[in-house]
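Asker: Mind having a look at this structure? Questions to follow.
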Amino acid sequence: MCALYTDPMSSSWNWRRCWPVALVLAMLAFGQPLLAQRPQDPLPRVHFVATGGTISNREGGRLSAEELVKSMPGVERFARLTHEQFANVASSELSLAQWLALSKRINELFATDQELAGIVVTSGTDTLEETSFFLHLTVRDPRPVVVVGSMRNPSTVGYEGAANLLQGVRVAADPLSRNKGTLVVLNDEINSARNVTKTDALRLQTFRSRELGMLGVVDRDRVVYFNQITQRTNERLEFDITKVTQLPRVDVIMVYQGAPADLIKAAVDNGARGIVIAVAGAGATSGDQSEGLTYAASKGVFIVTSTRSGSGRIAPPQQRPRDGGATDGGGGGFQLSPEQQRRRQFTIAGEDHTPIKARVLLMVALTKTTERAELQRIFSEY
Ligand code: GLU
């Protein structure tokens, strides 16, 4: 020990051996106050982009982005928040041109601001599942985009918008939220924009991922994730919409008993480049729809099959037993007519995407390719 040790050749202390002990003593004496004075790491910075919806739909005039920020006392404990007003309309009023502009703006914000932790977007809830899935497919950055809304408007007792927005900010600020695609946060729950659906027209607990389950929750103490999304997201996305000026028209046609072919034909004749057919069960059409789909294929229009059941997967033909009754007109080992063969060449299995999500994916995919095999690959990877 230094303090007890003296060099037998000298009467003085051996200071060379003493210096580590002296250092420890000095740290104990002065280090703690110095550490206490060290400035804290700055809070994550989050940018808020307001587009409107019930969350801002106050009677007598919509809340602005700035007013929404002010509705969250204590937000400064979680993030340094900046904001901008992109639009202030109901979600169903957002045009596809605005979708493109919104995605480009978000990509630009990330590209020009490396210190940004994440982005929160407010949206009306009616078509939130569509807008958020579009962002999920087109924002190519590991940082989170979090879409929030509310079911009750600011003039209602029990308005939950400020709480949802605050939770959205917390999710956007959290490093755990990176590389999970676009997230939807309402009612304390975090869902993937890929899987989430508005399941009830009025209830607060409307946004659900059904059997696939939520990704996580926003609790009082922290943001907790339980599940991970396995499909391609973030930097693994392949779609570049920076130069896209218009999304191709894709229509959704519902299958129901005795449904006519003319609705499909009308979509094709009015410029649709794709049709999503919301089939009954795993593939049935009804009425004259089969004739309409053959017409679509004859005009080079792609057909995506997606179930109207609310959940469940339509497998690509090569992975499915030849079971007949499918919308591609094949199966059962029968000889295919030239029309049926052509229809097969234009038909894509929608995997587990609901009709409304399949429509968004087909619009985005058609900006990249018009090869059937490529479109099928995209549906299987996203
Ligand atoms: N629930 C509507 C929506 O999805 C909001 C109505 C409104 O903001 O006017 O946008």
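Asker: Do you know which residues across the stretch 355-371 are among the polar types (S, T, N, Q) and open to solvent by 30 Å² or more (accessible area, probe 1.4 Å)?
Answerer: Thr367, Thr370
Asker: Can you tell me which residue among Thr138, Thr127 is buried (at least 24 other Cβ atoms within 10 Å of the Cβ) and within 17 Å of Val49 (Cβ to Cβ)? Even if it seems obvious, please write down each step before you answer.
Answerer: Values: Thr127 fails: buried (at least 24 other Cβ atoms within 10 Å of the Cβ).
Only one candidate qualifies: Thr138.
Asker: Another question about this same structure. Would you pick out the residues in the stretch 110-130 that are free of Cβ contacts under 8 Å to residues at least 60 places away in the same chain and either closer than 12 Å to His47 by Cβ or within 13 Å of the ligand (Cβ to nearest atom) (or both)?
Answerer: Matches in the stretch 110-130: Phe110, Thr112, Thr127.
Asker: Quick check, is Leu202 closer than 26 Å to Asn57 by Cβ, among the hydrophobic types (A, V, I, L, M, F, W, C) and assigned to a loop (DSSP other than H, G, I, E, B)?
Answerer: Yes.
Asker: If the requirement is being of a type in the set (Lys, Arg), farther than 22 Å from Gly74 by Cβ, at pLDDT 95 or above and in a loop (DSSP other than H, G, I, E, B), which of these qualifies: Arg152, Arg194?
Answerer: None of the other options fit; the residue is Arg194.
Asker: In this structure, is Ser309 in a loop (DSSP other than H, G, I, E, B), out of contact with any Lys or Arg (no Cβ under 8 Å at 6 or more places or on another chain), surrounded by fewer than 22 Cβ atoms within 10 Å (Cβ to Cβ) and at pLDDT 95 or above?
Answerer: yes
Asker: Sticking with this structure for a sec: Limited to the stretch 64-82, what total is found for residues that are surrounded by fewer than 18 Cβ atoms within 10 Å (Cβ to Cβ) and either part of a strand (DSSP E or B) or under 21 Å from the mean Cα position of the chain (by Cα) (or both)?
Answerer: Counting residues in the stretch 64-82 that are surrounded by fewer than 18 Cβ atoms within 10 Å (Cβ to Cβ) and either part of a strand (DSSP E or B) or under 21 Å from the mean Cα position of the chain (by Cα) (or both) gives 2.
Asker: Right, here's the next one. Which one of Glu238, Glu211 is assigned to a helix (DSSP H, G or I) and in contact (Cβ under 8 Å) with a residue 12 or more places away in the chain?
Answerer: Glu211
The values are calculated or read from the model by the stated rules, or taken from the named source; none is laboratory data. In this text, all values refer to a predicted model and were calculated from it rather than measured experimentally. Cβ coordinates were reconstructed from backbone atoms using ideal geometry, including for glycine residues, and neighbour counts include every protein chain displayed. Surface areas here come from the heavy atoms of the whole protein model, side chains and all, with no ligands, DNA or RNA. Shrake-Rupley method; radii C 1.70, N 1.55, O 1.52, S 1.80 Å.
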